[in-house]
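Here the structure comes first, spelled out in structure tokens, and everything after it is commentary.
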Amino acid sequence: MTIFRAALTETGAHAHRPTAPAAALAIDELVVQYRQRSQWQTAVSDVSLALDPGDYLGVVGESGCGKSTLIHALLGLLPANARVSAGAVRIDGHDVVGLRDKEFRPLRWNTVAVVLQSGMNALNPLLTLRAQFRDLFKAHGLARRDADRRCEELLTRVRVPADRADAYAHQLSGGMRQRACIALALALDPKLLILDEPTTALDVVVQREIFDLIDELKAERGFAVLLVSHDLALVLERASRVAVMYAGRIVELAPGDALEGSVKHPYAAGLLAAFPRLGQRSRAAEIIPGAPPRLGSFPAGCAFHPRCVNRQERCSLEEPPLEQRGAVQLACFYPVGAEAAGAEAAGGEEDA
């Protein structure tokens, strides 16, 4: 816990107020582009998000919506053919756009850490868990003896037996590998933990165990969480706020309870309907028609309109801006429920 010391002025009449902690993450109108055939194509467009310390934000969307590109931009891991062409990203007050890898390195794991979707790919297959912890702590100046102690403490905390510290990744179960990745990510008490579909390859029981563990650790340590997933139902269960992305843009941003209770964007409604829910065994999962547009071939107007059941002519001509509507930010001209509300109003006028 950070302790603020208030210093009195010379007159003693006023005290300096403590400085408010920096946002764990602040993204301001971020634009990310890829170079394809000598042209720059926009993959993430005007994304703005903010997480305070302790926040839990979910980002959802189909493959190709820009989630992974957003994460790579935040971590300074964009490939050589990509660039941040506009906007700003601040992690715990540090402006990270444009930092060289050597400049970004002190922030990784100290300030921001990531848990990737496949522990088998994320862990080094040639090193034991202990050796990987030693590498991490050595890079940040911790003595080897202390590194071994911390390694076993962290593994035990994430429910991996301490004697597995000398195991290789292939000797662990899928759930154990993911818990080891969480231990590595939290080794230096980061302010922001990014979860990039961390349980995709795991069964639902282990998936729940992993997320319950993350919730426990978050309550203990107070870090902010950015959860990236294609599973809207899962994100609604965990995150306090949810951002829905499509074709590189945020199309709906809302508190989790508001989104679950009254989803507004037709794309978000389609994502929610695509996953079976407990207690609704008789309802078949619905499929959003068509496929997401490819990079460089986004349609004019609203990018979702070719697949949208609510589309009208305006949707193919104008791109809806992301606007605040009550507790929800929404980019849609004809949201879910708007037609029904309009019909009820018209019926009331006729009856009068």
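Observations on the model:
- Beta bridges by DSSP in the chain, antiparallel share as percent, to the nearest 5: 60
- Formal net charge of residues neighbouring Ala143 (Cβ-Cβ distance under 12 Å; K, R +1; D, E -1): +4
- Our helix-only sum for the chain, with -39,500 (n - 2.57) per DSSP H run of n ≥ 4 divided by its residues, gives a mean residue ellipticity at 222 nm of -9000 deg cm²/dmol.
- Cut-off 13 Å between beta-carbons: net charge of the residues surrounding Pro289, Lys and Arg +1, Asp and Glu -1: 0
- Only Cα pairs under 8 Å and 6+ residues apart enter the sum, and on that basis the relative contact order of the chain stands at 18 percent.
- Cα long-axis angle, helix 174-185 against the chain (0 to 90 degrees, to the nearest 10): 70
- q = 0.10, 0.18 Å⁻¹, segment 177-261: log10 I(q)/I(0) [Debye, one scatterer per Cα]: -0.26, -0.84
- Long-range tail of P(r) for the chain (Cα pairs > 26 Å, %): 56
- Two-decimal log10 I(q)/I(0) for segment 137-196, as the Debye equation yields it once each C-alpha is a single scatterer, q = 0.21, 0.23 Å⁻¹: -0.86, -1.00
- Ranked by the mean number of other Cβ atoms within 10 Å of their residues, highest first, the peptides 289-295, 36-42 fall in the order 289-295, 36-42.
- Of the accessible area of the chain, computed with a 1.4 Å probe over protein heavy atoms only, carbon and sulfur atoms account for 51 percent.
- Here the Kirkwood formula, the inverse mean of 1/r across different C-alpha pairs, assigns segment 214-262 a hydrodynamic radius of 11.8 Å.
- By accessible area with a 1.4 Å probe, ligands and nucleic acids excluded, highest first: order of Lys67, Lys138, Lys218: Lys138, Lys218, Lys67
- Mean-position separation - Cα centroids, segment 138-216 and segment 62-89, in angstrom: 26
- Under 30 Å, Cα to Cα: Lys pairs in the chain, sequence gap 8 or more or different chains: 11
- Degrees between helix 338-351 axis and first principal axis of the chain (Cα, 0 to 90, nearest 10): 40
The values are calculated or read from the model by the stated rules, or taken from the named source; none is laboratory data. Values in this document were obtained by computation on a predicted structure and should not be read as measured data. Using ideal geometry, Cβ is built from the backbone for each residue, glycine included, and neighbour counts are taken over all protein chains shown. SASA here: full protein model, heavy atoms, side chains in, ligands and nucleic acids out. Shrake-Rupley method; radii C 1.70, N 1.55, O 1.52, S 1.80 Å.
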